[in-house]
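A short write-up of the structure that comes next.
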Amino acid sequence: MVHRVAVIGAGPSGLASIKACPDEGMVPTCFECTIHLGGLWRFKAEPNRASIYHSLTINASKEMMCYSDFPIPADYPNYMHHSKILKHLNLKQYLQTNLVRQRPDFSRTGQWEVVTENRDGQEQRHVFDAVICCSGHYTYPNLPLKDFPGIDTFEGKYFHSWDYKGPEDMHGKRVVVIGIGNSGGDIAVESSRVAEQVWCTTRRGSWVIRQVSDNGLPVDMKYNTRFVHILFQLLPMSILNWIGEKKLNAMYDHTMYALKPKHGFFNQMPVLNDDLPFRILSGSVIIKPNVKEIRGSTMVFDDGSTVDTIVNATYKSGHRIGLYKHVFPPNIEHPTLAVVGFIHGFGAINILAEMQARWATRVFKGDAACFLINPLHSFVTSKLAPLQVDYVTYMDDVAGEIGVRPSLLWLFFTNYPLFKKVLWEPATSYQYRLMGPGKWEGARRAIFTQFDRVNQPLKTRQCFSCLNKPMCWTSHLSVILLSAFLKL
Ligand SMILES: Cc1cc2nc3c(=O)[nH]c(=O)nc-3n(C[C@H](O)[C@H](O)[C@H](O)COP(=O)(O)OP(=O)(O)OC[C@H]3O[C@@H](n4cnc5c(N)ncnc54)[C@H](O)[C@@H]3O)c2cc1C
Ligand SMILES: NC(=O)c1ccc[n+]([C@@H]2O[C@H](COP(=O)([O-])OP(=O)(O)OC[C@H]3O[C@@H](n4cnc5c(N)ncnc54)[C@H](OP(=O)(O)O)[C@@H]3O)[C@@H](O)[C@H]2O)c1
């Protein structure tokens with residue numbers, strides 16, 4: 001019987017895992033190598049630490065990122081600054097401020113030994129029935145200097161995005177940002193406000209989408225619905241890509257903006273950046289192909305063009321790891337080790353990690369199945385982005401393992417208004433608290449009020465509504481009559 005669980009890391013995934021343990025009657029102990037909660041989301045001013053930059057705002061909207069039984073306060077903004085996220089994540093109760101290895105009797109007990117070192121350098125050993133590893137996959141930077149011949153001759157300063165805190169050092173400089181992921185896009189935009197010129201290089205190009213979607217809705221609240229997900233099951237990817245690219249190009253043509261990637265729109269996570277197209281249009285950011293070589297202060301690009309006096313270069317990249325459904329290491333005698341948070345999807349990590357943690361604790365308890373088969377057969381991923389999953393497909397799949405996947409048929413017959421919400425409205429995490437283990441009585445209400453919480457922080461001024469004014473009705477009527485008359 002699993003009772004004591006070690007959770008390694010106190011970032012969003014660790015916090016979700018800590019919370020999942022008591023829900024299943026287990027006692028978690030969290031080991032965090034810093035003295036802080038929040039993981040990457042705690043801003044650190046000092047260099048050489050995995051951190052975020054000062055201006056970072058999360059790219060998932062609040063209703064699409066909150067834990068499933070813990071809605072974010074209605075008055076919080078839809079896209080939150082990192083400081084607000086940290087407030088929301090506070091869960092200090094179980095935290096202790098390593099090395100994890102199997103116990104000699106692992107075959108019999110499935111237990112683990114966690115070895116820690118205290119501040120005086122003394123080793124301490126702790127025995128646990130299970131371990132959840134949530135150490136994050138952006139803990140160390142990827143700085144592939146070998147890909148940039150001549151970097152040793154470079155006369156300016158170069159660094160990885162994990163050391164970028166803000167644009168203060170970029171005033172009046174000529175800056176090259178290497179790589180157009182979400183970090184590259186943000187850093188290019190922010191530094192272009194103070195730099196003399198910014199170039200942003202890309203090997204493959206990127207689809208760039210806006211966070212503010214039609215009618216001003218957060219883009220994930222608009223498109224991350226179960227209905228859209230069903231369309232994804234029915235239509236071929238080429239058609240879906242064609243539709244997505246057509247809509248996107250109607251806003252700004254990706255070929256015209258030199259952004260168009262080789263891959264289709266839905267084949268890789270897009271860059272979310274509302275400002276980048278404008279910075280390109282205004283000439284303060286120039287998109288270039290990949291860097292071929294560096295000669296002193298001159299940077300040579302793949303197309304043979306050059307730029308002088310480069311000051312900064314920034315890039316980052318993901319990792320590949322083979323886990324059963326992105327959680328359990330295969331070929332292990334007892335499923336008492338789980339990895340939570342090594343995943344990407346068009347939805348925030350918090351929600352994905354929470355679902356993984358709920359499954360992991362159910363498996364530890366013996367209440368959910370986990371077939372430790374070859375990871376290659378476990379979940380389809382893209383070669384371009386091995387940690388990437390389709391958000392709803394993955395959530396539903398893991399939810400099915402726990403028994404919390406919402407049944408559309410059951411809802412249709414038992415609660416039609418809720419069925420409509422679950423089908424047509426955003427696939428928020430509350431849907432996974434409607435039934436099964438961990439059912440939350442507040443889930444239905446949270447679903448019915450999710451758009452109220454989207455609107456609440458925007459109600460900052462009473463606006464003139466012409467529908468209330470009789471005069472306006474007459475003006476509407478005259479426009480309709482005039483149009484009808486002109487048609488005749
Ligand atoms: C600049 C940037 C912006 C991002 N923005 C978003 C976003 O908008 N939306 C999104 O969904 N994702 C975003 N991400 C991805 C990010 O990985 C997740 O948001 C989130 O931080 C992952 O949470 P985590 O708990 O898995 O890992 P982390 O946040 O990295 O936390 C891991 C924790 O484990 C601790 N740790 C590591 N090793 C050990 C050890 N051996 N012993 C004890 N403790 C250990 C670390 O100190 C850390 O506190 C962003 C990433 C970056 C780099
Ligand atoms: N909230 C936010 O707004 C925000 C901000 C920053 C980051 N994030 C998140 O944080 C995570 C990491 O994002 P990220 O942008 O740091 O990393 P990323 O998405 O992995 O992007 C890395 C970029 O660097 C390029 N690159 C990698 N190795 C290279 C090489 N050897 N030579 C040239 N280019 C190279 C890649 O190019 P190719 O594509 O050609 O391989 C890619 O464009 C993502 O989940 C992202 O969504 C979110």
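Tell me whether the range 15-31 contains one or more residues that are in contact with a Gly (Cβ under 7 Å, 6 or more places away or on another chain), within 13 Å of ligand 1 (Cβ to nearest atom) and closer than 25 Å to residue 142 by Cα.
no
Filter the range 272-291 down to the residues that are modelled with pLDDT of 95 or more, of a type in the set (A, V, I, L, M, F, W, C) and surrounded by 15 or more Cβ atoms within 10 Å (Cβ to Cβ) and list them by number.
272, 276, 280, 285, 286, 287
Within the range 168-187, identify whether any single residue is closer than 30 Å to residue 9 by Cβ, within 11 Å of ligand 2 (Cβ to nearest atom) and of a type in the set (D, E, K, R), and answer yes or no.
yes
If residue 258 satisfies every condition in (1) over 25 Å from the mean Cα position of the chain (by Cα); (2) closer than 30 Å to residue 427 by Cα; (3) assigned to a loop (DSSP other than H, G, I, E, B) but one, which is the exception?
(2)
Has the range 153-168 got at least one residue that is more than 14 Å from ligand 1 (Cβ to nearest atom), in a helix (DSSP H, G or I) and in contact with a Gly (Cβ under 9 Å, 6 or more places away or on another chain)?
There is at least one residue in the range 153-168 that is more than 14 Å from ligand 1 (Cβ to nearest atom), in a helix (DSSP H, G or I) and in contact with a Gly (Cβ under 9 Å, 6 or more places away or on another chain).
Looking at (1) over 18 Å from the mean Cα position of the chain (by Cα); (2) modelled with pLDDT of 90 or more, which is the only condition residue 66 fails?
Tallying (1) over 18 Å from the mean Cα position of the chain (by Cα); (2) modelled with pLDDT of 90 or more, residue 66 fails exactly one: (1).
Which is within 13 Å of residue 80 (Cβ to Cβ), in contact with a helix residue (DSSP H, G or I) (Cβ under 9 Å, 6 or more places away or on another chain) and in a loop (DSSP other than H, G, I, E, B), of 48, 59?
Just one listed residue meets the conditions, 59.
Please give the number of the condition residue 186 fails out of (1) more than 27 Å from residue 260 (Cβ to Cβ); (2) within 14 Å of ligand 1 (Cβ to nearest atom).
(1) is the only condition that residue 186 fails.
For residue 154, state whether it is aromatic (Phe, Trp, Tyr) and modelled with pLDDT of 90 or more.
no
Among the candidates 61, 13, 83, which residue alone is within 16 Å of ligand 2 (Cβ to nearest atom) and in contact with a strand residue (DSSP E or B) (Cβ under 6 Å, 6 or more places away or on another chain)?
From the options 61, 13, 83, the qualifying one is 61.
Exactly one condition in (1) within 16 Å of ligand 2 (Cβ to nearest atom); (2) modelled with pLDDT under 85 is not met by residue 54; state its number.
All conditions pass for residue 54, except number (2).
Being in a strand (DSSP E or B) and surrounded by 15 or more Cβ atoms within 10 Å (Cβ to Cβ) is the filter here; which residues of the range 292-305 pass it?
Going through the range 292-305, the residues in a strand (DSSP E or B) turn out to be 292-295, 298-301.
Residues satisfying the conditions are 292, 293, 294, 298, 299, 300, 301.
Could you list all residues from the range 402-428 that are closer than 21 Å to residue 438 by Cα and part of a loop (DSSP other than H, G, I, E, B)?
Within the range 402-428, 403, 404, 405, 406, 407, 415, 427, 428 qualify.
The values are calculated or read from the model by the stated rules, or taken from the named source; none is laboratory data. Because the structure is a prediction, the values reported are computed rather than measured. Cβ coordinates were reconstructed from backbone atoms using ideal geometry, including for glycine residues, and neighbour counts include every protein chain displayed.
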